[in-house]
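Below: one structure, written as C-alpha cells.
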Amino acid sequence: MEQCEQRLSPLQRAIVVIPTYNERENITALISAIHQVMPAIDILVVDDNSPDGTAALVRSRMAEDPQLALLERPGKMGLGTAYCDGFRWALERGYDIICQMDADFSHNPEDLPRLIAALDHADVVIGSRYVSGVNVVNWPMRRLLLSYMANLYTRIVTGMPIKDATGGFKAFRAEILRKIDLGAIHSNGYAFQIEMNFRAWRLGARIEELSIVFVDRTNGVSKMSRTIIYEAAWIVWKLKLLALIGKL
Ligand SMILES: Nc1nc2c(ncn2[C@@H]2O[C@H](COP(=O)(O)OP(=O)(O)OP(=O)(O)O)[C@@H](O)[C@H]2O)c(=O)[nH]1
Ligand SMILES: [Mg+2]
C-alpha cells in the first residue's frame, strides 16, 4: 500500500469512479475504506437518482470530504453511460489515472493500489477473477458458470486475449480513455465492460490482468437481469462486425 502511494507521484492525480443505484447500505462504508487504503485518491460517485437516497448520503458526506464528488443523473440510465459520464467528468478535470469499481464491496478497495501500480507498464489493468483459477466467493454455481462461459464465449468470438472481460474492477491511464470514443458506447452491464476492453484492445492498449478475489454482495439488491445477459451475447458479434468493416 505504502509502495503504491509512492508510485502515485505528486504529479499524478487519480480518481475512482463508482456508479450507484440503491447502494445506501454500502456507499459510505466503501468511501471510508477507499480513503483508508489510498488517502491520495479522489472519489466520484455517479448516482442515477436512487430511490433509496444514496445521493443524499453522499452529498452530506461531501461537506466534510473535499476528495469526494457526486454526479447526479435524473433517473436509472444504465451502468455504461454512468461510467462514460464519470470518465468524461474525470478527463475534463485532468486526472491521469481513472479507476472504476462497484459500490457493493464485491471489489476489495485493498486491491486498488496494486491495480494502479500496474499502470506503470500497462494502459488498462483489469482486476481479474479468472487469471489464476476461479476467484469468486459466494456466487451460486449457476451464476459462476454463466460468468465463466460468457468470458469463454467472448474470448472465442472476439479473439481478445482476456480471461475476465466482464469484470468491473479496472484502472485506466487517462490517455487511453481519451482515445476511446465514449460517445459511441451505448452498452450496459457486462456488455459495457466487454466493449471498453475491445475498443482499448483495438487501439493497441497494453492490457494487464491482475488476480483479485470477487465477493458477492451481502447488502443491497442485485440488478442482474436477462437483458444484461442478452446484451452481452449480442455485443461481441456487433464489435467483431464493426472491427471487420473497419469501423473499430
Ligand atoms: N449509476 C448507475 N449505477 C448502476 C446502474 N446499474 C447498476 N449500477 C451500479 O453498478 C455497480 C454494479 O452493479 P451490480 O448491481 O452490483 O451488478 P452485478 O455485480 O453484476 O450484480 P449484483 O452484485 O448481483 O447486483 C453497482 O455499484 C450498482 O449500484 C445504473 O443504471 N446506474
Ligand atoms: Mg455487484
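The values are calculated or read from the model by the stated rules, or taken from the named source; none is laboratory data. Note that the coordinates shown come from a computational prediction; the quantities given were computed from them, not determined experimentally. Cβ sites come from the backbone with ideal geometry, for glycine too, and all protein chains shown count toward neighbours. Just the protein is used for accessible areas: all its heavy atoms, side chains included, with ligands, DNA and RNA removed. Shrake-Rupley method; radii C 1.70, N 1.55, O 1.52, S 1.80 Å.
Evaluated against (1) touching a residue at least 60 places away in the same chain (Cβ under 8 Å); (2) under 22 Å from S50 (Cβ atoms); (3) not small (G, A, S), L177 falls short on exactly one condition, (2).
Taking segment 1-68 as the region of interest, the helices (runs of 4 or more DSSP H) fully inside it that hold 3 or more residues being modelled with pLDDT of 95 or more and farther than 30 Å from H121 by Cα are 27-37, 54-62. Taking segment 63-88, which residues are among the small types (G, A, S) and open to solvent by less than 10 Å² (accessible area, probe 1.4 Å)? Answer for segment 63-88, where residues must be among the small types (G, A, S) and open to solvent by less than 10 Å² (accessible area, probe 1.4 Å): G80, A82, G86.
What about R114, is it under 18 Å from the mean Cα position of the chain (by Cα) and of a type in the set (K, R)? Even if it seems obvious, please write down each step before you answer.
On the way: under 18 Å from the mean Cα position of the chain (by Cα): yes; of a type in the set (K, R): yes.
Yes, satisfied.
Restricting attention to segment 85-109 and to residues that are of a type in the set (A, V, I, L, M, F, W, C) and in a loop (DSSP other than H, G, I, E, B), the residue that is nearest to H121 (Cα to Cα) turns out to be M101. Sub-6 Å Cβ pairs linking a first residue in segment 91-108 that is charged (D, E, K, R) to a second residue that is more than 16 Å from ligand 2 (Cβ to nearest atom) and open to solvent by 10 Å² or more (accessible area, probe 1.4 Å), at least 6 apart or interchain, are D96/Q12; D96/R13, ordered by first then second residue. Selection within segment 199-227: residues that are surrounded by fewer than 19 Cβ atoms within 10 Å (Cβ to Cβ) and part of a helix (DSSP H, G or I). The member of this set that is farthest from ligand 2 (Cβ to nearest atom) is R202.
Return yes or no: is F192 touching a residue at least 12 places away in the same chain (Cβ under 8 Å) and either open to solvent by 10 Å² or more (accessible area, probe 1.4 Å) or away from ligand 2 (no atom under 16 Å from the Cβ) (or both)? Spelling it out, it is not the case that F192 is touching a residue at least 12 places away in the same chain (Cβ under 8 Å) and either open to solvent by 10 Å² or more (accessible area, probe 1.4 Å) or away from ligand 2 (no atom under 16 Å from the Cβ) (or both). Suppose the filter is crowded, with 17+ Cβ neighbours inside 10 Å and either away from ligand 1 (no atom under 15 Å from the Cβ) or not in a strand (DSSP E or B) (or both); does S132 pass it? Taking the combined requirement at face value, the residue does not satisfy it.
Against the condition away from ligand 1 (no atom under 12 Å from the Cβ) and either β-branched (V, I, T) or free of Cβ contacts under 8 Å to residues at least 24 places away in the same chain (or both), how does I212 come out, does it pass? In short, yes.
Is it true that E175 is open to solvent by 20 Å² or more (accessible area, probe 1.4 Å), among the acidic types (D, E) and under 16 Å from the mean Cα position of the chain (by Cα)? So E175 does not fit the description; no.
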